Structures are given as structure tokens and as C-alpha cells.
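Shown next, in C-alpha cells, is the structure this report addresses.
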Amino acid sequence: MLRKITMTINGEKRTLEVDDRESLLEVLRERFSLFSVKQGCSVGECGACAVLIDGLSINSCIYLAVWADGREIRTVEGFEQDGKLSVMQQAFVDEGAVQCGFCIPGFLISATELMEKKRSFSREEVRRALSGHLCRCTGYQKIVEATEKGLK
């Protein structure tokens with residue numbers, strides 16, 4: 001069954017018809033070409049598909065698009081401001097936290113969620129917030145350090 005939904009994606013209000021069974025991941029990638037949203041495990045375990053929904057990091061592969069009706073969705077493509085990387089994106093670059101890049105958008109989503117809470121976090125809290133993401137290239141240390149730098 002098709003349903004008409006309206007959501008705000010990276011600051012732009014969008015209305016479209018979606019199938020009840022379509023995931024938000026499918027809609028963002030296939031309809032809006034937002035390729036920072038990666039399809040990894042498809043079961044909500046790896047974090048590659050994470051997006052901010054009303055400010056919370058959510059795995060879009062297990063979130064139906066119809067649930068996004070009336071919501072604000074942000075992807076990494078929406079983080080830059082005036083052609084410049086966000087504070088958190090720049091911290092990842094500065095700390096060398098970007099390797100193959102497949103998992104990094106998801107990590108940036110969760111790190112940005114922390115940053116937008118505007119409070120201090122212990123290293124353990126940072127690690128816990130990032131724990132829903134899998135990276136096959138690193139031991140996570142540079143990602144944790146980059147997140148901490150972005151939070152300062």
C-alpha cells in the first residue's frame with residue numbers, strides 16, 4: 001500500500017509516496033541520492049545507515065519510511081555549513097579517523113548527536129555512544145579521539 005508522507009530532510013521539506021514496507025534507508029538512498037547513508041547489515045547491527053531523526057541517532061535500515069512522516073531527518077550531507085565541514089567532520093579529518101569511509105558517516109551521526117547535547121561526556125560515555133557502529137579498518141581509538149575533539 002502506498003502512503004503520502006512529508007518529512008524534512010537536511011532542512012528541506014519533502015513530500016512523496018512510499019510503500020508501507022520501504023525502509024527510510026531505501027528512500028534516502030534511492031529517491032534522494034543521499035549516499036552517506038550506507039546499507040551494511042540491513043538488521044540494525046552495524047550503524048552504517050544511521051541518520052538523525054528529530055535529533056536522535058537511528059538505524060534507518062530498520063526504520064520504516066512511513067514512520068518518518070512529520071519528522072526531521074538529517075544525514076551527513078546536511079552537516080556542512082557555508083561550504084565548510086561541520087566541527088565534528090573537521091575533527092575526524094584532523095585526527096585521522098577516516099579510513100575506508102564506509103562506517104564513518106554513521107559514526108559522525110552519533111558523534112554529532114552527542115555534540116548537539118552541549119554537555120561534557122566521559123570517555124566511557126563516548127565509547128558507549130559509538131558502540132552501535134562497526135568498523136573493520138581501525139581499533140576505534142582515532143574515532144573516539146576525534147569525537148572527543150569535536151565535543152570540546
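The figures follow:
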quantity	calculated
Selected residue [touching a Pro at 6+ places or on another chain (Cβ under 9 Å), within 22 Å of Leu130 (Cβ to Cβ) and among the β-branched types (Val, Ile, Thr)] from Val87, Val37	Val37
Residue that is nearest to the chain's Cα centre (by Cα), among those in the stretch 71-103 that are farther than 24 Å from Thr8 by Cβ and surrounded by 18 or more Cβ atoms within 10 Å (Cβ to Cβ)	Cys103
Pick from the stretch 87-105, criterion assigned to a loop (DSSP other than H, G, I, E, B) and without any contact (Cβ under 8 Å) to a residue 60 or more places away in the chain, ranking: nearest to Tyr140 (Cα to Cα)	Ala97
From Leu28, Leu2, Leu64, Leu56, residue being of a type in the set (A, V, I, L, M) and either farther than 29 Å from Arg127 by Cα or touching a helix residue (DSSP H, G or I) at 6+ places or on another chain (Cβ under 6 Å) (or both)	Leu2
Qualifying residue in the stretch 120-130 (condition: within 17 Å of the chain's Cα centre (by Cα) and either under 18 Å from Cys49 (Cβ atoms) or assigned to a loop (DSSP other than H, G, I, E, B) (or both))	yes
Flag if Leu108 is in a loop (DSSP other than H, G, I, E, B) and either closer than 21 Å to Gly40 by Cβ or in the same structural domain as Arg14 (by TED's automatic domain parsing) (or both)	no
Some residue of the stretch 66-73 being without any contact (Cβ under 8 Å) to a residue 24 or more places away in the chain and closer than 19 Å to His133 by Cβ	no
Criterion (within 30 Å of Glu22 (Cα to Cα) and modelled with pLDDT under 95) met by exactly one of Gly101, Gly139	Gly101
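The values are calculated or read from the model by the stated rules, or taken from the named source; none is laboratory data. All values reported here derive from a predicted model rather than from experimental measurement. A quick note on method: Cβ atoms are made from the backbone with ideal geometry, for glycine too, and the neighbour counts reach across all protein chains shown.
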